[in-house]
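Worksheet: one structure, shown below.
The values are calculated or read from the model by the stated rules, or taken from the named source; none is laboratory data. Every value quoted in this text rests on a predicted model; they were computed, and no experiment measured them. As a convention, Cβ positions derive from the backbone with ideal geometry for all residues, glycine included, and neighbour counts pool all protein chains shown.
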Amino acid sequence: MLKLYYTGPKPIINQHGVFFRKSQIDKYIYLPIAIRILRTIDKEYKRDESHNIYVDNHDNYSDEEMLKTIQKYEPKLEEHVEAEERAYEKHIANMIEEVKNKSYLKKEEMEVWLKNIEIMKPYLLQREINKLYYIHSIKHIKRLIHKDKISEIDIDFTIKDWHVLTSISGNLEQGANSLSTIIKVDTNLDGVAVVRLLINL
């Protein structure tokens, strides 16, 4: 069963406890913006024209709505998530083996470290799944940009919005049929700061 919920920043797990690296944010916080962009740009366009899109950043989506949106573009999403879970469970198993091989640890320290990994396993798994949802949303946005010849996406400026447009830009500039992009912060006619993704089709 697909699940989506906020976990938190990246955990650092060791024999002393669990600590959080606040600079490495859960991708969940960017997902509503990616979903908003995806839903906004997915519409009928005139053929053989490039299109500038303004994204209203006032819509709020529930976790269920966000999941349904991704599933609309990716019917086999659940299979992809299950495969990611299996791969990450192997990663966690490797973490456990690495701890067991740390000969410098006292018995009590090793037990604490292993227990901390066990406690944090659901957190680690969901955090990785949230990242997968975000990455897949960005890929669907990229596909629509190519298909519908979208040359510009504008959204009211926040750091989160800027981050998401940066992710889209990075994806557009990678792989086959790559497109060059520019991101800039500007002011619209109402004096509101706007971040713009300019795409060279």
> Within the stretch 50-88, restricting attention to residues that are hydrophobic (A, V, I, L, M, F, W, C), at pLDDT below 95 and touching a Ser or Thr at 6+ places or on another chain (Cβ under 7 Å), which residue is nearest to L38 (Cα to Cα)?
Replying inline: V55
> Checking R47 against (1) at pLDDT 90 or above; (2) over 21 Å from I129 (Cα atoms), which test does it fail?
Replying inline: (1)
> Considering only strands (runs of 3 or more DSSP E) fully contained in the stretch 127-201, which possess at least 2 residues that are of a type in the set (F, W, Y) and touching a residue at least 24 places away in the same chain (Cβ under 8 Å)?
Replying inline: none
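Which residue is surrounded by the fewest Cβ atoms within 10 Å (Cβ to Cβ), if the candidates are limited to the stretch 108-133 and must be under 19 Å from K3 (Cβ atoms) and charged (D, E, K, R)? Spell out how you get there, then give the answer.
Within the stretch 108-133, the subset under 19 Å from K3 (Cβ atoms) is 119-133.
The next check asks that each one be charged (D, E, K, R); those that pass are 121, 127-128, 131.
Working: K121: 15, R127: 21, E128: 19, K131: 17.
Applying the filter and picking the extreme gives K121.
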> Would you pick out the residues in the stretch 78-110 that are under 20 Å from Y123 (Cα atoms), touching a helix residue (DSSP H, G or I) at 6+ places or on another chain (Cβ under 8 Å) and among the aliphatic types (A, V, I, L, M)?
Replying inline: V81, I92, M95, I96, V99
